[in-house]
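To start, the structure itself, in structure tokens.
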Amino acid sequence: MFMQTLIVTTALVAAPTAQTPPRATPETPPPTAQAPAGQTAEKPHGEHAAGSATGDQAFVKKAADGGLAEVEMAKLAQQKAESSEVKSFAQKLEKDHTQANSELKQVASKKNITLPDSPSKAHQAKHDKLSKLSGAAFDKAYIAAMLEDHQKDVREFSREASAGTDSDVKAFAAKTLPTLKDHLQQVQELSKNMGAKKPTS
């Protein structure tokens, strides 16, 4: 009788220990959950590429806005400028920027980029401010505005020409840059002759 009780007791004690190993197996899957970490590491690379493309598009839109504004203010200058030199410079700006705008439209169409059809509010405000001036006051204000604009243009087109990622946009910037540098040189000379000062923003 004692031996039977001992055998039964031993079997009951051994039974729970036999059930413990299966509980350890459900805890092993967590290491496999780290597998997607390899996929997340690739996202920054893709996001960087998308960011570069967005930068090219932003340049195109900004260049289009600036080009439209240059043409509109050049037309205004031909009507209101007192100096023949300022009027001549404005004629050149209208011609060159109209051509550049046309070329930019072709690039934008190829890239499915929608361009603005009128100057931004900031450029329109500058145009409206100039339209209220006349004579020598207009000449100085116009030349000061063109000096500021072309300094920015040359800086931004230089950056795109050297660091752009889209070959067509980059080529447009590189082709247009010499014209903008020529404009900047001319307006710097006009500014010196007229004593025009860069407007504070």
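The values are calculated or read from the model by the stated rules, or taken from the named source; none is laboratory data. This structure is a prediction, so every number in the text was calculated from the model and none was measured. Neighbour counts run over all protein chains shown; Cβ positions are idealised from the backbone, glycine included.
Worth pointing out:
- Listed conditions (1) loosely packed, with under 13 Cβ neighbours inside 10 Å; (2) of a type outside the set (Gly, Ala, Ser); (3) modelled with pLDDT of 95 or more are all met by Leu104, apart from (1).
- Scan segment 98-157 for residues that are of a type in the set (A, V, I, L, M, F, W, C) and under 18 Å from the mean Cα position of the chain (by Cα) and the total you get is 8.
- Taken as a whole, the condition of being of a type in the set (Val, Ile, Thr) and not in a helix (DSSP H, G or I) applies to Thr114.
- Segment 134-159, residues that are in contact with a Leu (Cβ under 9 Å, 6 or more places away or on another chain) and either closer than 24 Å to Lys111 by Cα or outside any helix (DSSP H, G or I) (or both): Asp153, Val154, Phe157, Ser158
- Some residue of segment 121-130 being assigned to a helix (DSSP H, G or I), in contact with a helix residue (DSSP H, G or I) (Cβ under 9 Å, 6 or more places away or on another chain) and polar (S, T, N, Q): yes
- Pick from segment 136-147, criterion touching a residue at least 40 places away in the same chain (Cβ under 8 Å) and either hydroxyl-bearing (Ser, Thr, Tyr) or surrounded by fewer than 17 Cβ atoms within 10 Å (Cβ to Cβ) (or both), ranking: nearest to Asp65 (Cα to Cα): Tyr142
- Tally of residues being basic (Lys, Arg) and farther than 23 Å from Ala58 by Cβ across segment 87-110: 3
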